[in-house]
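No value in this document is a laboratory result; all are computed from the given coordinates. Quantities reported herein were computed from a predicted structural model and do not represent experimental measurements. Ideal geometry is used to build each Cβ from the backbone, glycine not excepted, and the neighbour counts take in all protein chains shown.
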Amino acid sequence: MPKHLLKFAGTALALILAAGTASAAEKKLTIGVADALTGGGAVYGLPQANAVKMAAEEINAAGGIKAGADTYKLDVIAYDDKANPTEATNAVRKLIDRDGVKYILGFCCSGSTSAVASFIGNEKAVMLVGNAAERSITTKKIPNLVRTRPPADYTGAAAGTFIARKGQKRIAVLGALDVGFYAQYVDSVEREIKKVGGEIIAREVFSLKDRDMSPQLTKIRGLNPDAILVVGYVEPAAFVYRQAVELGMNIPRYGFTSGSEEQFLRVTTSEQMEGVWDLRPTELTLESASKNGVAYHANYTKKYNASPSPSSPYAYDQVYALKAAIETVGKAEDTDAVAKALRTIPVPAQVVMQYQPVDGKMFDANGQGYTSNGAFQWQKGKWVFVEELPSDSKAYSQFLSTLQ
Amino acid sequence: MTGIPTRILWVFALLVLAALPQVLSVKYYLHLSILALIWVVVAQGQNLIQGFTGYVSIVQAGFMGIGAYSSTLIGLHFHWPLWATIAIAPLITALFALATGYPSLRVKGHYFAIVTLAFNLIIVIVLVNYSELTRGEAGISNIPKPWSGDREAYYYFALTLAAALTLLAAMTARSRVGEIMLAIRQNEDLVAAVGIAAWKYKLFAFVISAMYAGLGGALYAHFQGFINPEIFGVAQSLDAILAVILGGSGTIAGPAIGAFLVVFLPELLRFADGFRLILYGLILVLATIFMPIGIVGIAKSVAARFTPREARHG
Amino acid sequence: MLIEILQQTINGLAIGGVYVLIALGLTTVFGILGIAHFAHGSISMSGGYLTYFLVTGQGLPVLAAIPIALAVGVLLGLLVEMLAYRPVRHANHINAFIVALGLTMMVEGLNLQLFGHEQVVIPTGLGRIIRLGGITMPELRLYVILAAIVLVAAMMIFVERTKTGQAIRAVAENRDAAILMGVNVQMIPLIVFGMSTALGVAAGIMVGALFAIAPGIGEGLVVKGFAVLILGGLGSFPGAILGGTVLGITESIAAGFISSAYKDVIAFVVMILVLLIRPQGLLGRAP
């Protein structure tokens, strides 16, 4: 055969072989994100969506997900649910019915997440929940749902143990107690402090729009508590801390609010905040973060020109958990198998949050993951990580299994 | 416009809607259409008190909530069959409407609107705080769905109810009661001067519109399978007002068209929420100033232009 | 016990002052022009947002920012009157209300686009606490109460003693007679809206300094403002003053002694009770 023809045949053969292996090996896996991209919930939802996209790009750059003989590159579709239950149902229906998506991540906010959780059990899909704190999301034994963020009363039990050790006996509570998970946090604190003879002497309420807590605080002041516990969203809660000082109250203040320094300093002075405790999931805190956490913070900031929210890694970790589950099963289409696998995998090496595995697994039989809790204190204008809160994931997991 | 072409239009619209599930290949749009049909029921109710009687009520979503929670809780605690709970929801809502309507209708227009808005706020606050009964802010999941959640069946169910209730609204409009309601809108003092007890008709309109909303709420609950207080707030009541204004206040087709617009527009216009609020507000302001007749009104005047002169004046 | 009641009363006076200002703004427009100016709350918040922006974003001292915000707010109020309410003045009153609703949505949307979702607090640097016996009060609260009293007094003097004020009252009593008497009725809506918006913006600045401005707070205030109107009596200035003060103190005492969960409901329950028992309100004219 003439030389140029040989070359031609050789190149053609190489091309055919290359094309052949490529079409057999590399596929696209579209995953969906349903989250609050606009509106009041966007402060939680948008960073989660960003985190999922970033994780997907990292995985693709590192070669994709290897399921059996195939390699999957991830493609992300994100829909805005505006933290509204009706919109969330629409968004997930669109992902499943119109876009053919099987894996749905994100879910920052309880109302919208509960709406989707109520029907996802009937779908050929897997739902991975992030920041949404409503406990009943993982008590309904939904086999194709997992959540990276622990319920609030898991943190509450740890906080209660911490407060009990501090010695105050008569605690007054002021919080968004109309919200289920905040009330559950307080209940679990109460269980712990009762063990050492403490009690909760008042449960006062503020609503999300409330900014004048002086009536509630005046009532609490009259009861002479040893300490006050504030649970709720940072925007109203900051006023509690300030107005307590304005009313002349000089007792220890514990809280479960989260919130950055900037958010508090809009409302209070640093002196008014001095000594306040925040007993909450550690989430992404640079002082105590793992190597992954530090890298995540740097990469996210570079990519999106803003710091990641402390809870955004709940969604980042979802992607790596999903990857591990799919690789365990070896098939990306079998959602039942992937859902089962999620409850067997150990904590993947790439996650950012610090998990407390139950029996060596990232998610327990309820599909619930457990991340560490920490005691933070406001010291001279900054939140300082003081110590880890004593948490027992196995005990809580058993407790959770008994609930309906 | 003569009566015959209108009836043909209605039949045509009904046939198109009936054929929709067979034609739609993407089930997602069926899901949205069911929501739209539920909103047709709610908007027709809003139209009865707002479009016909001339009283803007800002509590329609609150009444939806009462219907939704009534049907759900009675099913949950007393184990009534689904049909019974859906049927009783508008009746329970009627009771609430009687209780709230009586003080509200003692005052005129603007005050009435504010008082109804206050009732909507109260309804949401009670739904959130009375958690022993309502499970509070966390909401109620796993609400039973008829036909094991078959969406096509639910679509026809909602379509039947929406059509029947639209027909009922049309019949009411044409009855003596409807004429008095319209008269109240035009000039309430004159109605009273003629010796008619206007407050009875106002209360009737208010209670009927609430019953429509209550049924809509029950339909919503058994379609979505999940309810919580936040979806029955003032923002959703404003959607009901928007649907009526956009479609055509005081017409029969208007609320139906407006309902579909309110459900489908956010799908087409994906804006930041501040911008969407400005747009909706602008539509309300402009529509009220320039186009108090809504889309149906515009369609009618366009159609009139194409009707031959003899037919128009004959 | 007595200390607690006194403290709760003083707690309620500051928010009561805000309610009074909002209600006065509402009753001015409603009583004289017959418009339920639902957008009043949101426009008041715009004034507060603007003050915040001038102080923190532009570095102006608070006392310089306040007049600017007042001026801009008044301009916005006049614009709203001319562009939105005037076209529907002679139409069915329901149209005016829907326009008001639409305006509220637009102003809320504008505030959202310009200032975002997070709450803002106007920094005043006034942080001292005044102590008298067992009662404590931050000085800012005292200034808010004093400012409210001054503004209300100024408004009453304007309406009772000045020619323009008397002209306004004349138009409210009998528009045709006022025209015959030579009153320039075209100017009246502008003056009324200007005055109302000025009061509202002042309230917005107070809310921003003492509490916070965030999406939705304006609507809550305007609904309570209307509750005060119903309580005090439509068109009655003394009624608005009495009603606002009573509502503020009642909320505080009820939250302190009964239940804090239903604090917001009190205003609405009061409103409904008044409608049932005495629809003309405390100081309104009997129907």
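For the protein assembly as shown, the convex hull spanned by the alpha carbon atoms encloses 215 Å³ per residue. Here the residues A:T38, A:T71, C:T162, B:T72, ranked from fewest to most Cβ neighbours within 10 Å of their Cβ, fall in the order C:T162, A:T71, A:T38, B:T72. Taking all Cα pairs closer than 8 Å and separated by 6 or more residues, the relative contact order of region B:3-313 comes to 33 percent.
The equivalent ellipsoid of region C:2-277 has semi-axes of 30, 22, 19 Å, largest first, where each one is the square root of 5 times an eigenvalue of the Cα gyration tensor. Taking the longest Cα principal axis of chain A as reference, the axis of helix A:42-61 is set at about 30 degrees. Report, ordered by chain and residue number, the lysines lying within cross-link reach of C:K263, taken as a straight Cα distance under 18 Å and ignoring same-chain residues fewer than 8 apart. Straight-distance partners of C:K263: A:K209, A:K219, C:K224. Here B:A272 and B:V302 are evaluated by their C-beta separation; at R0 = 35 Å the FRET efficiency comes out at 0.55. Tell me whether region C:192-287 comes out rounded, prolate or oblate; compute the Cα gyration tensor, take square roots of the eigenvalues as a ≥ b ≥ c, and use a/c under 1.5 as the rounded threshold. Oblate is the answer for region C:192-287, as a/c is 1.5 or above yet b/c matches or exceeds a/b.
Proximity of backbone amide H atoms, modeled 1.01 Å from N, is registered between A:T282 and A:S372, A:N373, A:G374 at under 5 Å, excluding neighbours fewer than 5 places apart on the same chain.
Mind running the shape call on region A:233-337? Use the C-alpha gyration tensor, a ≥ b ≥ c as the square roots of the eigenvalues: rounded below 1.5 for a/c, prolate if a/b tops b/c, oblate otherwise. Because a/c hits 1.5 or more and a/b exceeds b/c, region A:233-337 counts as prolate. In chain A, the longest principal axis of the Cα atoms and the axis of helix A:313-329 are about 40 degrees apart. Averaged over the residues of C:261-274, the number of partner chain Cβ atoms lying within 10 Å of the residue Cβ comes to 5. Taking every C-alpha pair closer than 8 Å and separated by at least 6 residues, the mean separation divided by the residue count of region C:1-151 gives a relative contact order of 33 percent. Only Cα sites of region C:62-133 enter the Debye sum here, all with the same form factor; the resulting log10 I(q)/I(0) across q = 0.27 1/Å is -1.23, listed in q order. Excluding same-chain neighbours fewer than eight residues apart, the lysines reachable from A:K195 by a Cα-Cα span under 25 Å are A:K166, A:K169, A:K394. DSSP beta bridges confined to region A:24-86 are antiparallel in about 25 percent of cases. For the protein assembly as shown, the share of DSSP beta bridges that are antiparallel, to the nearest 5, is 40%. Per residue, the Cα convex hull of chain A amounts to 149 Å³. By the equivalent-ellipsoid construction on the alpha carbon gyration tensor, region B:3-313 comes out with semi-axes of 30, 25, 19 Å, ordered largest to smallest. Neighbouring Cβ atoms from other chains, within 10 Å of the Cβ of residues in C:115-127, number 4 on average. Put a plus charge on the Cβ of each Lys and Arg, a minus charge on the Cβ of each Asp and Glu, and nothing anywhere else: the dipole of region C:2-277 about its Cα centre is then about 360 debye.
For the protein assembly as shown, the mean residue ellipticity at 222 nm estimated from helices alone is -20000 deg cm²/dmol, where every DSSP H run of n ≥ 4 contributes -39500 (n - 2.57) and the total is divided by all residues, rounded to the nearest 500. Remark: region B:3-313 carries a charge dipole of roughly 720 debye about the Cα centre, counting +1 on each Lys and Arg Cβ and -1 on each Asp and Glu Cβ.
For the cross-link pairs A:K27/A:K340; A:K73/A:K303; A:K82/B:K202, which exceed 26 Å when the distance is taken from alpha carbon to alpha carbon? Those over the limit are A:K82/B:K202. Placing +1 on the Cβ of every Lys and Arg and -1 on the Cβ of every Asp and Glu, with nothing else charged, gives the protein assembly as shown a dipole about its Cα centre of roughly 1180 debye. Enter the angle in degrees (range 0 to 90, nearest 10) between the Cα long axis of helix C:237-257 and the first principal axis of the Cα atoms of chain C, meaning the one along which they spread out most. So the helix axis and the longest Cα principal axis differ by about 30 degrees.
As a rough footprinting exposure proxy, the listed residues C:M1, C:M82 were ranked by other beta carbons within 10 Å of their own, and the order from fewest upward is C:M1, C:M82. Once you have a ≥ b ≥ c as the square roots of the Cα gyration tensor eigenvalues for region A:123-215, tell me rounded if a/c is under 1.5, and otherwise prolate or oblate according to whether a/b is larger than b/c. Oblate. Hydrophobic long helices, here whole DSSP H runs in chain B with Kyte-Doolittle means of at least 0.0 and Cα atoms spread over 24 Å or more along the helix axis, are found at B:3-23, B:27-47, B:60-78, B:82-104, B:109-129, B:151-174, B:198-224, B:273-290.
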